[in-house]
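Take a look at the structure set out below.
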Amino acid sequence: KRFGVAVEVLEFIKTENREQDQKNYQQKLLKVLQRYNPRWGLLLGYMRILAPDVLNFFKAEGYCRLINIHPALLPAFKGINGYQQAFEYGTKVYGMTVHFVDEQLDHGPILLQRALVRADEDSLDDFVARTKPHEHELVIKALQIIAQNKFRFVKCKTNKYFDRVYLETANHQES
């Protein structure tokens, strides 16, 4: 609020009917979106599947103007607890992904990824704690790329699942 950004908190009300609860919540969310009419959406720790109406609200120019940060190097370790999944699997390299959202869970064209090397002595808490500054940097970098319109979608003939996102300048590439 102190930066002049409108804030709305939507409570997810749980009843015996989970499906109806989800529908009610998504309807409230859509009304808020229609009221403010944002051009872009950013999911940070959102942890919910969005209804088609909400996704359609953000669709324009052939893609969804909604980005998500996921705690794994997609397409590996989709769903909740990505870092924990990677840790328990014993990966030596792990990281995070900023991607455009589509209708599937933790799927969609990848904008940025950052890989980190796991230390042999890491606990799960160490493993997760090391990621937080990188997540923040990656989100900021993604927002800069989007604000400066430094990306483009290209149809990918070799990948049947989604298009690729190309960055316009090499200095935005991540390892």
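Quick notes
- Net +/- balance of residues flanking Val9 in space, Cβ distance below 15 Å, scoring K and R +1, D and E -1: +3
- Dipole magnitude (debye, nearest 20) for the chain, charges at Cβ of Lys, Arg, Asp, Glu: 760
- Tensor-based shape of the stretch 47-115 (alpha-carbon gyration tensor, a/c under 1.5 rounded, otherwise prolate or oblate): prolate
- The fraction of accessible area contributed by carbon and sulfur in the stretch 1-134 is 54 percent, rounded to a whole number (1.4 Å probe; ligands and nucleic acids excluded).
- The calculated Kirkwood hydrodynamic radius for the stretch 1-156 is 17.2 Å, given to one decimal from all distinct C-alpha pairs.
- Under 5 Å between amide hydrogens, built in the peptide plane, is the criterion, and for Gly95 it picks out Leu73, Leu116 among residues at least 5 positions away or on other chains.
- Label-to-label distance, nm, for residues given as Asn149 and Val9 (7 Å Cα→Cβ offset): 3.8
- Modelled FRET efficiency - R0 30 Å, Ala129 with Leu55, Cβ distances, 0.05 increments: 0.40
- Rolling a 1.4 angstrom probe over the protein heavy atoms with all chains in place gives the chain an accessible area of 65 Å² per residue.
- Between Leu44 and Lys141, residue separation times 0.36 nm minus the direct Cα-Cα distance comes to 33.5 nm.
- Inter-label distance, Lys1 to Ala76: 4.3 nm, where each label sits 7 Å from its Cα along the C-beta direction.
- Net charge dipole size for the stretch 18-116 [Lys, Arg +1 and Asp, Glu -1 on Cβ; Debye, nearest 20]: 300
- Distance violations [Cα-Cα > 21 Å] among Lys59/Lys150; Lys31/Lys78; Lys92/Lys132; Lys1/Lys23; Lys78/Lys132: Lys31/Lys78; Lys1/Lys23
- Kyte-Doolittle mean at least -1.0 and Cα axial length at least 20 Å: DSSP H helices in the chain: 132-147
- For Asp126, net neighbour charge (Lys/Arg +1, Asp/Glu -1) across residues whose Cβ lies under 12 Å away: -1
- Accessible heavy-atom area order of Tyr46, Tyr89, Tyr94, Tyr36, highest first, probe of 1.4 Å: Tyr89, Tyr36, Tyr46, Tyr94
- Note on Val5: accessible area is roughly 90 Å² with a 1.4 Å probe, heavy atoms of protein only.
- Close amide H contacts of Leu43 (hydrogens built in the peptide plane, cut-off under 5 Å, sequence separation of 5 or more or a different chain): Ile67, Asn68, Ile69.
- By average C-beta atoms within 10 angstrom, highest first, the peptides 98-107, 73-82, 112-121, 16-25: 98-107, 73-82, 112-121, 16-25
The values are calculated or read from the model by the stated rules, or taken from the named source; none is laboratory data. Treat the numbers as computed from the prediction; the structure is a model and nothing was measured. Every residue, glycine as well, gets a Cβ built from its backbone with ideal geometry; the counts of neighbours run over all protein chains shown. These accessible areas exclude ligands, DNA and RNA; they are computed on the full protein's heavy atoms, side chains included. Shrake-Rupley method; radii C 1.70, N 1.55, O 1.52, S 1.80 Å.
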